[in-house]
Amino acid sequence: MSLDLMPIYAYRCAACGYSDEHIQKMSDDALHVCPACHASSYEKQLTAAGFQLKGSGWYVTDFKGGSSSKSPSDG
């Protein structure tokens with residue numbers, strides 16, 4: 001079973017301020033023409049990841065600080 005998951009990219013037009021999200025393959029070219037005003041200033045935005053890690057899970061078990069044993073290079 002093959003899942004074709006594609007990322008969601010946020011875009012914003014520098015000319016008119018229109019913004020929207022588009023589902024695209026990573027190999028697809030970026031969009032440049034604004035669907036609202038048709039200017040060539042539609043740009044991909046940098047956004048935060050769409051997931052959150054909650055609970056004590058991996059952090060407590062894998063990256064817990066404190067008085068752990070030192071490696072030989074710590075001297």
Exercise. Do we find that Q24 is of a type in the set (S, T, N, Q), modelled with pLDDT of 65 or more and open to solvent by 100 Å² or more (accessible area, probe 1.4 Å) in this structure?
Worked result: no
Exercise. Of the residues A30, A36, A49, A15, which is modelled with pLDDT under 80, open to solvent by less than 100 Å² (accessible area, probe 1.4 Å) and part of a loop (DSSP other than H, G, I, E, B)?
Worked result: A49
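The values are calculated or read from the model by the stated rules, or taken from the named source; none is laboratory data. These figures come from a predicted structure and were not determined experimentally. For accessibility, only protein heavy atoms count, side chains too; no ligands or nucleic acids. Shrake-Rupley method; radii C 1.70, N 1.55, O 1.52, S 1.80 Å.
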